[in-house]
Structures are given as structure tokens and as C-alpha cells.
């Protein structure tokens, strides 16, 4: 129906919270397609740390028994959007670990659609957002289990931390299941830093900003656990966190 | 070292401390005992600077500085250590990382050079050994998955590393079995029983005082010190209860 050349509107669910003015400057988005052959394993890290608006559109096709480890850091200084569509064939495995950090008037979003097209595929998604100022951070994540995709295991763990009451987090994990005998779980939480934890760290001598940073560092690190480029990603995230505080 | 004069405060509009006065000199160990709800933990948190513990009157002098005007991290850098009754779990932050950053933050505030990674680990190992705590536990996230006793021993390891001038220990003995009680007691003595340091122990029971002998014992009731004495007062309390003594 829609062609890639047509700029989406808010009526399009995947763009409901997008910064459409910024998106217009990037449109149409080139799509990067990755195909992983039967039984192969691949990984990819995408880091947005740009000054201006940026958007990435990824399509990942996993053939039977293939596995893919995707890590995203959405931490630029302006609108940042990363959209990922994944299709898993029989026994394929997909893991997403993503962190996004935004402040000011920024909009940051991660939009995923993970389709379990065949039986026994496994997907897991861990998304951590840290939002300050008047920023909006969005995660829209749809997991689709096609008819006949029995033995599916799909998991989403979505958490957002608001540093200011003026920041906004949108988190919408979604399940569309057309098969029996599947295991899908999602957890979603939006919160603030634990006040008692902060006081505990401060009582040991850490200034408030350092105490916050330490707690947020641990929060973000959950997205990059066991990543092939864990150190690089963590360093980049720390840098962005430092700028945010 | 610490002079508390006529301290009053309230939490969420409710008066808890009502004109509490107490003086602690270097080299002294003081114990504060008292019934539940007397304000013991409130006193500890207020001295530590916990948000929400609003001081409504009185003053606290800590080595010539106005303690109440300082932020929690400044109090720590000035040499105050607050041992928590319920040490907080911080998932994802290792003890070693946290304590090194905390110690170096304190040193920076005092205008001292930061401790190198190697020197810090040596210090941490020494204090962990003192409290018979496995170094591997210090590499784990702060207090996460620790038993009650392990949390209290970890608090004492923190105290050893941070090397405060005054330690306020809020029910360090709660949740400890007999062995852990002895280890913590010995730890407190080893770290804090020095002519230039002082301790304020907050406790319900005599048993910790068997290991850490106080010079002074105070009874806190109704938001103020109602009676003070020597170590014999703790024994009297143990025998006759707070009602008889206070």
C-alpha cells in the first residue's frame, strides 16, 4: 500500500511517536538487509552518536538454525530512530540488547518486529532507556508467532529510567500469537532511580551526580552483557551518559 | 568530635527527635539503646543527612564544622560513616568498583591524590580478611544476594576501607548469628578503637556490647536522651527493661 518514498504519518503505528519533521530530512530511509545462512552465527553493533538526526532501518533474515546478536546504542544529540524487522526460520535465535539515552527536546526510538515464522525459534530483547529533560524515548516491539510456529520462545525485557519528571517514556511490547505451545513473556517498567540507593552511595562519599552515574551505568550495562563488543559499547554509552548528566 | 545540641526534627510532619543533646569525644565509644520507635534510627539517618529527615531545631558540630549544612557525600568526606541497619542492594555495581570510586571521591574532596587500582585492591583485601570475607564477594554487586550477616560484614569492610573518624552504626548487630556478631565486634574494635576515632553504636541488645565495650551508654526514649551512664547501664537495661530505667 504505502511505498517507501511516502513519508509516514502518525496514523502509522510504527511512527506514532516519531519526530516527523526530523524524519522528513532523512526520508526515504535506505534499508539494510542482513541474511544469515543456515546454521551460521553473526553479530552487529549499531551506534548512533551523531550530532544531527539519524535513522536506521534493518531487516534481518535468519535461515534455519542461524543466530544473530544485535546490539544498539541510540545516543545521538538529535532525533535517533532504529527500526529492526527480524524473521526467524526453524530453530533460529535472535538476541537484541539495546540502550537509548536522550535529553533536551530529543526523541529517541527503537521499533522492532520479530516474526517467528517457523517452529522452535528463540528471540530475546533487552531494551534500557535513560531519559532526561523533555526527551521522549520510545520502544515499540511486536513479536509475531506465525501459525505452526510451535515451540517458540520469545522474551522482551523493557525498562526505562526517567531522570526528570518532564521526560516521557513510551514502551509497548506486543504479542501476536497464532500458534499453540509457545512461550512468550514480556516485562516492562518505567521508573526513577531508587532514592535509598542514591543516599546509600552518597553516604559513602559519592557526589550526587557520580552516584546517579554509577547506578545508571549498571542499568544500561544490562543491554550489553556478553556482547562481542561489550567494552566499546559500554564506553560509548558512558560517554553519552556523562553528556546527559 | 561530635556535639549534638538540642536537636529536633520531623519526618513527614511528625516530630521524632525532640531536643536531643549528646557529646562524643575522640577515643570514646558510645552506645545508644532504647525501645522501638524512640528515634534511634532517625538519629542515625539525620546525622547521615538522609533526604526527608528535616531538622527543625538545634545544631550538630562535627570537628568544628556545621554537619547539618553539609550534603551526605560531604559528611562522608569529613569522616562520618553511617552503618545501615538495612544495607541497600545496588544491582550491577560491584563492591570493588563502588568502594574505589567512593574512596577516591572522598580523597578528591579532601584534596588528596586518588588511590591506584593496585593499592586499592591491597587495602580492600586487607579489610576483607579482617572481617573474614572472601574477596570474591567484593567483586559481586553491592549487597545483592548477600545474607543478613554478610551485608553487615560488608558494611564493616566498607568502614575499614573508608577509614572514618566517626562511625554511627545503626543496629549492626541485627541479623547476625553468634559467630558473625563476634567477627563484626572484633572488626569494629580493630578499625575504630583508636584515640583519634569515635563510635556511636545504636543497638537494642547488650550482646554487641560484650564485644565492643562502650565507655558511655545512653537511653533514648521519646526523641531525647533520658538517661546516661557507664557500661553498667546497659546491663541494668538488659535486666530490668527500658520502662524501669527510663
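The values are calculated or read from the model by the stated rules, or taken from the named source; none is laboratory data. Not measured: the values here are computed from a predicted model. Every residue, glycine among them, receives a Cβ derived from its backbone with ideal geometry; neighbour counts consider all protein chains shown.
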Item checked: Single residue of segment B:157-193 satisfying the filter (at positive phi and out of contact with any strand residue (DSSP E or B) (no Cβ under 7 Å at 6 or more places or on another chain)) that is nearest to the other protein chains (Cβ to nearest Cβ) -> B:163
Margin query: So residue B:44 ticks every box in (1) in a helix (DSSP H, G or I); (2) within 11 Å of chain A (Cβ to nearest Cβ); (3) over 14 Å from the mean Cα position of the chain (by Cα); (4) buried (at least 16 other Cβ atoms within 10 Å of the Cβ) but one. Which box is left unticked?
Written below: (3)
Notebook entry, point to check: Only one residue in A:8, A:30 is without any contact (Cβ under 8 Å) to a residue 60 or more places away in the chain, over 22 Å from residue A:157 (Cβ atoms) and touching a helix residue (DSSP H, G or I) at 6+ places or on another chain (Cβ under 6 Å). Which one?
Noted result: A:8
Next item on the list: Considering each of B:186, B:236 in turn, give the residue that is assigned by TED's automatic domain parsing to the domain that holds residue B:10, without any contact (Cβ under 8 Å) to a residue 60 or more places away in the chain and assigned to a helix (DSSP H, G or I).
Entry: B:236
Notebook entry, point to check: Given the conditions (1) assigned to a strand (DSSP E or B); (2) surrounded by fewer than 20 Cβ atoms within 10 Å (Cβ to Cβ), and given that residue A:105 satisfies all but one, which numbered condition is not satisfied?
Noted result: (1)
Check: For segment A:191-231, how many residues meet the condition of being away from chain B (no Cβ under 11 Å), out of contact with any helix residue (DSSP H, G or I) (no Cβ under 8 Å at 6 or more places or on another chain) and either closer than 11 Å to residue A:161 by Cβ or without any contact (Cβ under 8 Å) to a residue 40 or more places away in the chain (or both)?
Finding: 5
Margin query: I'm told residue A:161 meets every condition in (1) modelled with pLDDT under 95; (2) within 14 Å of chain B (Cβ to nearest Cβ); (3) assigned to a strand (DSSP E or B) except one. Can you identify the failing condition by its number?
Written below: (1)
Check: Could we say that residue B:208 is more than 14 Å from chain A (Cβ to nearest Cβ), within 28 Å of residue B:19 (Cα to Cα), in contact with a strand residue (DSSP E or B) (Cβ under 7 Å, 6 or more places away or on another chain) and buried (at least 16 other Cβ atoms within 10 Å of the Cβ) here?
Finding: yes
Notebook entry, point to check: Can you tell me which of A:83, A:99 is at pLDDT 95 or above, in contact with a strand residue (DSSP E or B) (Cβ under 7 Å, 6 or more places away or on another chain) and surrounded by 22 or more Cβ atoms within 10 Å (Cβ to Cβ)?
Noted result: A:99
Next item on the list: Counting only residues that are surrounded by fewer than 18 Cβ atoms within 10 Å (Cβ to Cβ) and either more than 17 Å from the chain's Cα centre (by Cα) or at pLDDT 95 or above (or both), give me the strands (runs of 3 or more DSSP E) lying completely in segment B:48-154 with at least 1 of them.
Entry: B:53-62, B:90-94
Margin query: Please pick out the residue among B:171, B:243, B:238 that is under 13 Å from residue B:34 (Cα atoms), crowded, with 20+ Cβ neighbours inside 10 Å and out of contact with any helix residue (DSSP H, G or I) (no Cβ under 7 Å at 6 or more places or on another chain).
Written below: B:171
